[in-house]
Amino acid sequence: MKILVVDDEQDVKVLFEQRFRKEIRKGELNFVFAFSGEEALEVMSQMSQEAVLILSDINMPGMSGLELLKEIKENYFAPPPVVMMVTAYGDEENRNTSKQLGADDFLTKPLDFKELKTKLKNMA
């Protein structure tokens, strides 16, 4: 499964590679990283919609995760990627806006990687 992780924090790449070391080594998961909403759209245009899942932070400089979500849901639908929004703020406003824009799930930072692994297994 190819997963696009979008977050302006550079250390998220190392964190995901550590937490999913076994799954990456076995070839079960393939992570691609983008460090802005704009970069995520570039990556997606080059990937020919290979991403099955997109994990996007909400609060990023430039294009926010919510703006990215809107763009994805309006322009990428064959096949439609599953989009999980991630934020340090678990407030209802972000959650409701995410759902209205078509988010498939909502995760709060710090990420519970055990919960995320369970969700990924259920998707496979």
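A few notes on this one:
- Set Lys70/Lys121; Lys70/Lys117; Lys26/Lys73; Lys22/Lys73; Lys70/Lys109; Lys13/Lys109 screened for pairs whose C-alpha atoms are more than 23 Å apart: Lys70/Lys121; Lys70/Lys117; Lys26/Lys73; Lys22/Lys73
- Relative contact order computed over segment 2-119 (Cα-Cα under 8 Å; 6+ residues apart), in percent: 24
- Local electrostatic count at Glu39 - Lys and Arg +1, Asp and Glu -1, tallied over other residues with Cβ under 11 Å: -4
- Shape of segment 75-124, Cα gyration tensor, a/c cut at 1.5: oblate
- Summing charges over neighbours of Lys13, with a neighbour being any other residue whose Cβ is under 12 Å away from its Cβ, gives -4 when K and R count +1 and D and E count -1.
- Placing R0 at 22 angstrom, the Cβ-Cβ distance between Asp8 and Thr118 gives a FRET efficiency of 0.25 after rounding to 0.05.
- Seen from Ala124, the other residues with C-beta closer than 14 Å to its C-beta sum to a net charge of +3, counting Lys and Arg as +1 and Asp and Glu as -1.
- The H on the amide N of Leu107, modeled in the peptide plane, is under 5 Å from the matching H of Met85, Val86, Thr87, each at least 5 residues off or on a different chain.
- In the chain, the calculated helix contribution to ellipticity at 222 nm averages -12500 deg cm²/dmol per residue, counting -39,500 (n - 2.57) for every DSSP H run with n ≥ 4.
Bear in mind that the values in this text are calculations on the coordinates, not laboratory data. All figures in this text were calculated on a predicted structure; none of them were measured in a lab. Cβ coordinates were reconstructed from backbone atoms using ideal geometry, including for glycine residues, and neighbour counts include every protein chain displayed.
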